[in-house]
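The values are calculated or read from the model by the stated rules, or taken from the named source; none is laboratory data. Note that this is a predicted model, so its numbers are computed, not measured. Heads up, the Cβs are rebuilt from the backbone with ideal geometry, glycines too, and the neighbour counts pull from every protein chain shown. In case anyone asks, the SASA skips ligands and DNA or RNA and just uses the protein heavy atoms, side chains included. Shrake-Rupley method; radii C 1.70, N 1.55, O 1.52, S 1.80 Å.
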Amino acid sequence: MEVKKSNPGNTKRFSGLRHFFSGIPASGWLLAAFAAVLLEFYVGDPLTEILGLPKIPALFGIVIILKKPHLIPGAFAYVGLIYLLPIIIVAKITAPATNWVSEKLDRMPLWFSAILHLVLLYFVLEIWTDISDYRLLMLKLTLIAIMITLSLNIINGYMGEFSCSHPGFIALGAYVASVFTVGLFVNDRLLGHALLPQALGQFLFPIGLILGGLVAAVGALIVAIPSFRTRGDYLAIISLAFMFIVKSLIENLEVVGGPRGLGGQPDWATLPTVFVWAVLCVWTINNFVESTMGKALNAVRDEESAADAMTVNTRKTKMIAFMFGAFWAGVGGGLFAHVLRYVNPGTFGIKKLAEVLAMVYFGGLNSVFGSIVGAVSFNLLSEALRPLEIFKWIIIPVLLILVMIYRPTGLIAFKHFNVKKILRPRPGSKERV
Amino acid sequence: MPLLQVKNMTHFFTGLRAVHNYNLEINPGEIRGLIGPNGAGKTTIFNLLTGVLRPTEGEITLEGTDIIGLRPHQIAARGIGRTFQNMKLWRHMTVLEHVKMAHYSQLSYGLTGAFFGTKKRVRQENEIEEHAHTLLALMDADQFADQKVLNLPYGVQRRVEMARALATRPKILFLDEPTVGMTPEELVGMMNVFRKIHNELGLAIFLIEHRMKVVMEFCQRVQTLVFGEVIAEGTPDEIQNDPRVIEAYLGKEEVA
């Protein structure tokens, strides 16, 4: 499918740069990012004053560049001095040390090494978001977007069905989790007095999220069962109908506020909570798609009758895919509701669908890595281009169209997400074979 | 007791009689042939026996148990392996993944294993990977294990498909025109594969084939199917000289 176009001039031009960075392991980059965010934490404010910027640029200065062109030099200098230079210097200088560490970790169990890297990543994000609440909110929404994109990729990418029901699953998860927390732990106008002390809620919050996921998974059966008999356009229409059914169901349920929505969710979707759930989601989904049971999805997609003849239970496989995808969409929805602390059914319409589909197809089908890249880049882009107002909705679709023309299956499609390979040490000399 | 027994099987496609009163008995280790002109219903018979279609009338028993109404994957898991006329390989998967996939019914780690990567899963995945390599080596295709199937030459794809069918651990292998479109060298390779399957694994084989050379060499008994009905059955020699078979293939001789 994907023929790699070899462009000798291009690779030559970048080979020097690539070689310069090739000897740095993942731990090195994380350490460097850690240094950069620490630097920003301590000298960010004085530096913005020196450079004449109004405040610390929230998203790498892109917003400032687009809004106030006369501050472009300052923004560039800030990004260069805080991020680019420190990251490159620290990563390069510590490369021998981090390689040594990575080599030691490489011999230990993978989970141990992965957790260490994740803890470091968490602290990088934690310090980065300490600068502004805007960053914190954006990061949480991005992590949730990763979960939702990945869960849709199971159905649309790995199984190759065009399902449009995802906003419905997200809505189910969001509302069930909200009703759980608001109903049990909060004095609410609609759902009555708190039944349990709020202090207990922190610990029971995961149960609410899982409940939301399970309800979404049961809802997924409504789409999964027709998928035994139809594929393609027809299933797309059925799943679209499901989305609208959920939306109008909630609009007509006065108990949860109807079209006005439901608010007052307790602030339990903190950064650590969202981060842990996102990691769990990526971990289980990656486990699943790398197993032979998960690869049965690909077999069903590519040639269903052959899958059947090779003992693959195709109905069970489709059901698992829909329910598993819906589960994580539901959990993502529950977190979404608690990050914004308000949900209304209008959020889960066609616009949400377009956004989720765009992230999946932009990032790449059949690829965990692609979904992460898709969700992060799409979120960053749509935030960073906000000052362009209406032009944002021209630039992003044009980008999408370009990706579809030049890479029809997305930026990073059909790629394995191999954690061991990502975390491996990269001593420069061995790399240059 | 025969391994597979079919009695008076008839199938209608909404009014069109595709198969009529079909009978078959295959014993362990036997090689059976099914020949007939295009559109005679050979592949329909395969689809009926493997559960893709449900016969309108008749009985099918595998090792004495009725298999009508079972879903194709259940029949496959009970011991009928098959290959397809147009191979039906999975375009985005590697050779090794193909052969591993066909072990699906032999995996028992369940969803817990799939989601959380338990020890049981690691063990079972290793086991089937080893078995897959053994089968690929038997088919002379192990050197292609990590390649995408679509990039491979036709003859190799055919052997991969055969390894995939063997991975279901069949008792009978249904081969639907396995040598169609092959070059002479590829044909020789394929015939070696048949010999291996028959001699080393002792499988029963049910073969749809157009090349008389292959049929003559391997099949112990051959049926000729025309318009859904068996018009002749016997040893390859008998079939080849049967006037009804010659008529079906070449048309009636005009007597001057």
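Could you say which residue among A:A354, A:A413, A:A326 is assigned to a helix (DSSP H, G or I) and either modelled with pLDDT under 90 or open to solvent by less than 20 Å² (accessible area, probe 1.4 Å) (or both)?
From the options A:A354, A:A413, A:A326, the qualifying one is A:A326.
In the stretch A:232-271, what count of residues is obtained for those that are farther than 30 Å from A:E126 by Cβ and open to solvent by 30 Å² or more (accessible area, probe 1.4 Å)?
Of the residues in that region, 19 qualify.
Of A:F169, A:F180, A:F162, A:F185, which residue is at pLDDT 95 or above and hydrophobic (A, V, I, L, M, F, W, C)?
A:F169
Give the residues of the stretch A:282-309 that are more than 7 Å from chain B (Cβ to nearest Cβ), of a type in the set (D, E) and more than 28 Å from the chain's Cα centre (by Cα), sorted by residue number. Quick ask: steps written out before the conclusion?
Residues of the stretch A:282-309 more than 7 Å from chain B (Cβ to nearest Cβ): A:282-283, A:285-286, A:289-290, A:297, A:300-301, A:304, A:307.
Right, trim to of a type in the set (D, E) and you get A:290, A:304.
The one that is more than 7 Å from chain B (Cβ to nearest Cβ), of a type in the set (D, E) and more than 28 Å from the chain's Cα centre (by Cα): A:E304.
Tell me, which residue of the stretch B:123-159 that is farther than 23 Å from B:N192 by Cβ and hydrophobic (A, V, I, L, M, F, W, C) is modelled with the lowest pLDDT?
So, considering only residues that are farther than 23 Å from B:N192 by Cβ and hydrophobic (A, V, I, L, M, F, W, C), the one modelled with the lowest pLDDT is B:L150.
Tally up the residues in the stretch B:129-165 that are open to solvent by less than 10 Å² (accessible area, probe 1.4 Å) and either within 12 Å of chain A (Cβ to nearest Cβ) or within 23 Å of B:N199 (Cβ to Cβ) (or both), please.
Total meeting the criteria: 13.
Only one of these conditions is not met by B:G29: (1) more than 14 Å from chain A (Cβ to nearest Cβ); (2) open to solvent by 20 Å² or more (accessible area, probe 1.4 Å); (3) at pLDDT 95 or above. Which number is it?
Among (1) more than 14 Å from chain A (Cβ to nearest Cβ); (2) open to solvent by 20 Å² or more (accessible area, probe 1.4 Å); (3) at pLDDT 95 or above, the lone unmet condition for B:G29 is (3).
Among the numbered criteria (1) more than 21 Å from the chain's Cα centre (by Cα); (2) open to solvent by 50 Å² or more (accessible area, probe 1.4 Å), which single criterion is violated by A:M404?
Answer for A:M404: the failing condition is (1).
Tell me, please, whether a residue that is away from every other protein chain (no Cβ under 12 Å), within 17 Å of the chain's Cα centre (by Cα) and among the hydrophobic types (A, V, I, L, M, F, W, C) can be found in the stretch A:310-325.
Among the residues of the stretch A:310-325, not one is away from every other protein chain (no Cβ under 12 Å), within 17 Å of the chain's Cα centre (by Cα) and among the hydrophobic types (A, V, I, L, M, F, W, C), which makes the answer no.
Considering only the stretch B:75-110, state which residues are facing another protein chain (nearest Cβ under 10 Å) and loosely packed, with under 15 Cβ neighbours inside 10 Å.
Residues satisfying the conditions are B:N86, B:R91, B:G110.
Does B:R121 fit the bill of being exposed (fewer than 14 other Cβ atoms within 10 Å of the Cβ), of a type in the set (D, E, K, R) and facing chain A (nearest Cβ under 8 Å)?
When the stated conditions are applied, B:R121 does not pass them.
Inside the stretch B:161-256, counting only helices (runs of 4 or more DSSP H) that do not spill past its ends, which hold 2 or more residues that are within 30 Å of A:T292 (Cα to Cα) and without any contact (Cβ under 8 Å) to a residue 60 or more places away in the chain?
The helices (runs of 4 or more DSSP H) meeting that bar are B:184-196.
Quick check: anything in the stretch B:52-62 closer than 23 Å to B:R221 by Cβ, of a type in the set (S, T, Y) and within 11 Å of chain A (Cβ to nearest Cβ)?
Scanning the stretch B:52-62 turns up no residue that is closer than 23 Å to B:R221 by Cβ, of a type in the set (S, T, Y) and within 11 Å of chain A (Cβ to nearest Cβ).
Among the residues of the stretch A:99-131 satisfying the criterion of being under 29 Å from A:G44 (Cα atoms) and modelled with pLDDT under 90, which is least open to solvent (accessible area, probe 1.4 Å)?
So the residue we want is A:I131.
Which of the helices (runs of 4 or more DSSP H) contained wholly in the stretch A:55-135 include at least 1 residues that are over 29 Å from A:L340 (Cβ atoms)?
Per the criteria, A:72-79, A:85-93, A:95-106, A:110-130.
Which count do you get for residues in the stretch A:184-204 that are under 21 Å from A:P259 (Cα atoms) and loosely packed, with under 14 Cβ neighbours inside 10 Å?
3
Give the residues of the stretch B:49-66 that are open to solvent by less than 50 Å² (accessible area, probe 1.4 Å) and in contact with a Phe, Trp or Tyr (Cβ under 8 Å, 6 or more places away or on another chain), sorted by residue number.
Within the stretch B:49-66, B:L49, B:T50, B:G58 qualify.
So B:A248 ticks every box in (1) under 30 Å from B:L89 (Cβ atoms); (2) small (G, A, S); (3) out of contact with any His (no Cβ under 8 Å at 6 or more places or on another chain); (4) buried (at least 19 other Cβ atoms within 10 Å of the Cβ) but one. Which box is left unticked?
(1)
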